[in-house]
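Peer 1: Here you go, one structure.
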Amino acid sequence: MAAPEEDAGVLESKRTATRYQILVEIAERQPAVSQQEIADEIGVTAQAVSDYLQELVEDGYVEKHGRGRYEVTKEGVDWLISQTASLQDFLDHVSEDVIGQVEVETAVAATDLEEGQTVTLTMQEGLLHAEAGEAGNATAVVMTDASAGEDVGVTNFEGVVEYDLGTVTVVAVPHVRNGGSRAVDPERVEAEADDHDLVAAAGTEALVAVRTAGLDPDLRFGTAEAVQEAATKGLTVLLVATTTKLSRHTDRLRENGISYEVLDAGE
């Protein structure tokens, strides 16, 4: 659906857009108005600002009170309001009707796919997967041909991809001054790792504790962002973290509604 012509409002011409910008700047700076400051702010020459100011005064949108002193009139305010409302309508149209239709996500092709084919979307191993057919709760349309295992763009989404948030199990490792990795039971870490999708290490002491348990961490530099993102995508994470880095992780997990527990894995 095309946007009504008036929806573009202030965007219909460069002249109208510039008048709008200058009037906004005057309203913000009045009564003492520096034409050079306005020119610098909106990227035009000071002479252009002077010319537009003269037009705005002649149109009754701005009143001049001597050299360098201007004030937006009621008519000018009414015009600003009408143009802003039109601009907001246009932005709403773009956001809801246009961008929503062209939004593209990346998925892994679970089967061979053809351009234009409708597929079912599922979340597997923290990645969006697209499979031929419409059997699931969420569907989309494939943008290009793709073989199974390849990445593929999908759009025109319908429904919701249903999956549970992952959880995080935290093993706190003391700072080296307080024993470091030696204070952690490697067998407990190894056992916990078997029950989780990913192992993340945050901090040198934590990395050594993971390696002592005979493990190679999936996230060697387990940032709070990476751990939270993995859990958000439905993965369970064993986070082995040095105590100095622990609060950064737990704060982020709480802020994003991710469930976590902290274990005592001491020897």
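The values are calculated or read from the model by the stated rules, or taken from the named source; none is laboratory data. Since this is a predicted model, take the numbers as computed values, not measurements. Positions of Cβ are generated from backbone atoms using ideal geometry, with glycine treated the same way; all protein chains shown enter the neighbour counts. The area values use the complete protein model at the heavy-atom level, side chains included, leaving out ligands, DNA and RNA. Shrake-Rupley method; radii C 1.70, N 1.55, O 1.52, S 1.80 Å.
Peer 1: Share of the stretch 25-141's accessible area from carbon and sulfur, percent, 1.4 Å? Please list the in-between numbers first.
Peer 2: Details: 3120 of 6890 Å².
Carbon and sulfur together cover 45 percent of it.
Peer 1: Over the chain, with the other protein chains present, what is the accessible area per residue in square angstrom, probe 1.4 angstrom? Numbers along the way, then the final one.
Peer 2: Numbers: 15130 Å² over 267 residues.
Heavy-atom SASA per residue in the chain reads 57 Å².
Peer 1: Under 5 Å between amide hydrogens, which residues at least 5 positions from residue 144 or on another chain qualify, with H placed 1.01 Å from N in the peptide plane?
Peer 2: Answer set, sorted by chain and number: 116, 153.
Peer 1: Still on this structure: Starting from 0 in steps of 5 Å, tell me what percent of the Cα-Cα pairs of the stretch 32-184 lands in each bin.
Peer 2: All Cα pairs, binned at 5 Å, distribute as 2, 8, 10, 10, 8, 6, 5, 5, 6, 8, 10, 10, 7, 4, 2, 0, 0 percent.
Peer 1: Moving to a separate point now. What percent antiparallel are the DSSP beta bridges of the chain, to the nearest 5? Display every interim value, and only then the final one.
Peer 2: Numbers: 22 of 40 bridges.
Once the DSSP bridges in the chain are tallied, antiparallel ones form about 55 percent.
Peer 1: For the full complex of protein chains and a 1.4 angstrom probe, list 56, 263 by accessible area with the highest value first. Can you show the working numbers first?
Peer 2: On the way: 56 0, 263 30 Å².
The ranking, largest first, comes out as 263, 56.
Peer 1: Quick one: Karplus J couplings for the stretch 122-127, per residue in order, coefficients 6.51, -1.76, 1.60, θ = phi - 60°, nearest Hz, x for Gly and Pro?
Peer 2: With the stated coefficients, the stretch 122-127 comes to 9, 9, 9, 6, x, 10 Hz.
Peer 1: Additional query: When DSSP beta bridges are limited to those with both residues in the stretch 81-239, what percentage is antiparallel, rounded to the nearest 5?
Peer 2: Working: 17 of 26 bridges.
Around 65 percent antiparallel, to the nearest 5.
Peer 1: Now for a different question. Give me, ordered by chain and number, the residues 5 or more places off residue 262 or on other chains with an amide H under 5 Å from its own placed amide H.
Peer 2: So residue 262 has HN proximity to 170.
Peer 1: Got a number for the accessible area of residue 91? Probe 1.4 Å, square angstrom, nearest 10.
Peer 2: Around 90 Å² of this residue is reachable by solvent.
Peer 1: Right, another one. Any idea what the dipole of the stretch 100-140 comes to, in debye rounded to 20, about its Cα centre with Lys/Arg Cβ at +1 and Asp/Glu Cβ at -1? Could the numbers behind the result be given before it?
Peer 2: Values: 0 positive and 8 negative charges, 24 e Å.
Charge dipole of the stretch 100-140: 120 debye, to the nearest 20.
Peer 1: Now a separate question. Just to verify a number: FRET efficiency for residue 165 and residue 144, C-beta to C-beta distance, R0 = 25 Å, to 0.05?
Peer 2: Working: r = 31 Å, r/R0 = 1.23.
Once the sixth-power term is evaluated, E becomes 0.25.
Peer 1: Quick one: order 29, 67, 188 from most to least accessible surface, probe 1.4 Å. Intermediate results must be reported in sequence, preceding the final value.
Peer 2: Values: 29 60, 67 230, 188 85 Å².
So the residues, ranked largest to smallest area, are 67, 188, 29.
Peer 1: Next question. Using modelled backbone amide H atoms (1.01 Å from N, in-plane), which distant-in-sequence or interchain residues come within less than 5 Å of residue 128's amide H?
Peer 2: 108
Peer 1: Next question, about the same structure. Can you pull the three principal axis extents for the Cα set of the chain, in Å, largest first?
Peer 2: 83, 55, 26
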